[in-house]
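Since the structure comes first, as structure tokens, the remarks are kept for the end.
Every number in this text was worked out from the coordinates using simple rules, so none of it is lab data. Note that the structure is a prediction, hence the values are computed from the model and not measured. All Cβ positions, even for glycine, are placed from backbone atoms using ideal geometry, and neighbour counts span all protein chains on display.
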Amino acid sequence: MKRRILLVDDDLAVLLTLKAVLELHEFEVDTASTSAEAFSRLQSGVYQMVISDLRMETEEAGLEVLRTARRQLYNPATALLTAYPPAGNCGVQDNWRSHSDSVLIKPLGTKEFLRQVESILARHAERSYSDDADSIRKKAFPKAQSDKRHAR
């Protein structure tokens, strides 16, 4: 089964190039060129990953796309695509990190782009597996969780 990615960018050349690269490497790719189109796709599809350009209709339209993606029950990995990375440790960078598993900096070489996508998907799957295991443990052993709280 192919992994599905939603790719969002208002630059048609970037959108079509990255789509072609991903499809050549066995991904199924849906595209959106606006945040509104992305919201619609997020509601009607299930994706393993959502990659969104930051600056589209507004300066932070991409963050809204990723916020919406993070609220989906199917829990996709998320990556912000931008040619304008934040400098140093600043509030904007923290905001990006809270909505994205990673930031992909344009321009991207094909090999590096694919390496980063695979890495993000692997980290996200590992984190999701760990979160699921913790949830199961808490449901299976609620008394143990309660005892830990009372021991503090």
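Annotations
- With a Förster radius of 30 Å applied to the beta-carbon distance between residue 59 and residue 13, the computed FRET efficiency rounds to 0.90.
- Order of 56, 1 under a 10 Å beta carbon neighbour criterion, fewest first: 1, 56
- Sorted by Cβ neighbour density within 10 Å, fewest at the top, the residues 2, 19: 2, 19
- Residues of region 20-37 with amide N under 13 Å of a point placed 7 Å along Cα→Cβ from residue 2: 20-31
- Region 3-43 versus region 66-80: alpha-carbon centroid distance in Å: 14 Å
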